[in-house]
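Here's the structure we're looking at; comments come further down.
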Amino acid sequence: QLAPDLASTVPDDPGRNILPGEFKFSDNWQPHWEASNVDKQTDAFWSALAQVQCYTYQHQVRYGYVICDTGLRCFRRVAKKDSSGREISKHGHVELSPVITWNDNGQRLTIMLAVWYLHMVAAEE
């Protein structure tokens, strides 16, 4: 069984991970590499997202995140459906948050506030 670096549980069901997350070193992953001109960086970005997406599928939750020493990317897994409303993708589609950096001191959403908010949303699911 795969295990994320970070797991959040609720008192009612301590074995259930409601918000999987991954730590990455900034040498290997950056939150803005989504559209990098360097293939290796783009591959690393999507590989980390795929890893956490796998955890969200494994635990049947919608939210996850990847964090490093330069920033954070949060995402929501959304089911892809055909015109009849039938789910067509086993793992779903990923909606990404904007890049949130450690330097966003009150100018925008901070990393700590974003992670707290994700926990609140995930706990409501």
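Brief remarks on what is shown
- Members of the range 4-23 found to be touching a residue at least 12 places away in the same chain (Cβ under 8 Å), open to solvent by 20 Å² or more (accessible area, probe 1.4 Å) and under 15 Å from V61 (Cβ atoms), listed by number: P4, L6, A7, V10, R16
- Tally of residues being more than 15 Å from V99 (Cα to Cα) and open to solvent by 100 Å² or more (accessible area, probe 1.4 Å) across the range 24-42: 5
- Test: residue in the range 76-89 that is hydrophobic (A, V, I, L, M, F, W, C), touching a Leu at 6+ places or on another chain (Cβ under 9 Å) and open to solvent by less than 90 Å² (accessible area, probe 1.4 Å): no
- Within the range 24-61, restricting attention to residues that are among the aliphatic types (A, V, I, L, M) and part of a loop (DSSP other than H, G, I, E, B), the residue that is nearest to R76 (Cα to Cα) is V61.
- Apart from one condition, T56 fits all of (1) free of Cβ contacts under 8 Å to residues at least 40 places away in the same chain; (2) open to solvent by 40 Å² or more (accessible area, probe 1.4 Å); (3) among the hydroxyl-bearing types (S, T, Y); the exception is (2).
- For the range 94-108, a residue qualifies if it is touching a residue at least 24 places away in the same chain (Cβ under 8 Å) and either open to solvent by 70 Å² or more (accessible area, probe 1.4 Å) or over 14 Å from H32 (Cβ atoms) (or both), and the qualifying residues are V94, W102.
- Residue count for the range 73-115 under the criterion of being touching an Asp or Glu at 6+ places or on another chain (Cβ under 9 Å) and either part of a loop (DSSP other than H, G, I, E, B) or modelled with pLDDT of 90 or more (or both): the result is 11.
The values are calculated or read from the model by the stated rules, or taken from the named source; none is laboratory data. This structure is a prediction, so every number in the text was calculated from the model and none was measured. Cβ coordinates were reconstructed from backbone atoms using ideal geometry, including for glycine residues, and neighbour counts include every protein chain displayed. Each accessible area value is taken on the protein alone, full model and side chains, heavy atoms only, with ligands, DNA and RNA left out. Shrake-Rupley method; radii C 1.70, N 1.55, O 1.52, S 1.80 Å.
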